[in-house]
Amino acid sequence: MTEDVDLSIYPLHVVKLAAYRFLGECSIHFEGIDSNFVRVQFQSMTATPAANLRQRFRTELLDQDLRERLKQETAPLQNLILAYAFSGLTAMPGNSDDSIAAANAEGSGPCTDLTESSGNGTRD
């Protein structure tokens, strides 16, 4: 089975991500047709009908494209969360150190169980 994919709609890395999902049941070959299209050739290693494989590949293209778009759109937020996590700050903006200390004292804070650990990665 072959599928020609328009690279103006799906970037090549998205096409590859979609194709990789089928490596357990197909061998896959990519062939550049021109600067706008890539041909994806599937050689089935199972009895999967070509029409079924084509439909699943097209669905996977849409899924991988959405994943990539969400990844790009949420990258600034992910970077902010990672920067905060590794910054050494103890309180989120809007929270005071006193509110975290009070929550820990009540048993509902983020550091409540730290003193009850044996230090070997398990609780006593």
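Quick note: the coordinates plus some simple rules give every number you see, no bench work behind them. Bear in mind that the values here come from a model prediction, so they are computed numbers and not experimental data. Because the Cβ atoms are built from the backbone with ideal geometry, glycine has one as well, and the counts that use them run over all protein chains shown.
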Ranking request for peptides 82-89, 2-9: highest mean number of other beta-carbon atoms within 10 Å first, then the rest in descending order. 2-9, 82-89
Highest-first arrangement of 75-81, 21-27, 60-66, where packing means the average Cβ count within 10 Å: 60-66, 21-27, 75-81
How compact is segment 3-93 by the rule of thumb for globular proteins, expressed as Cα Rg over 2.2 N^0.38 Å? 1.50
Residue among Tyr10, Tyr20, Val38 farthest towards the positive dipole end of segment 1-40, charges placed on Cβ: Tyr20
Non-local residues with an amide H under 5 Å from the amide H of Phe37, with H modelled 1.01 Å from N and Pro and chain starts lacking one, are Leu7
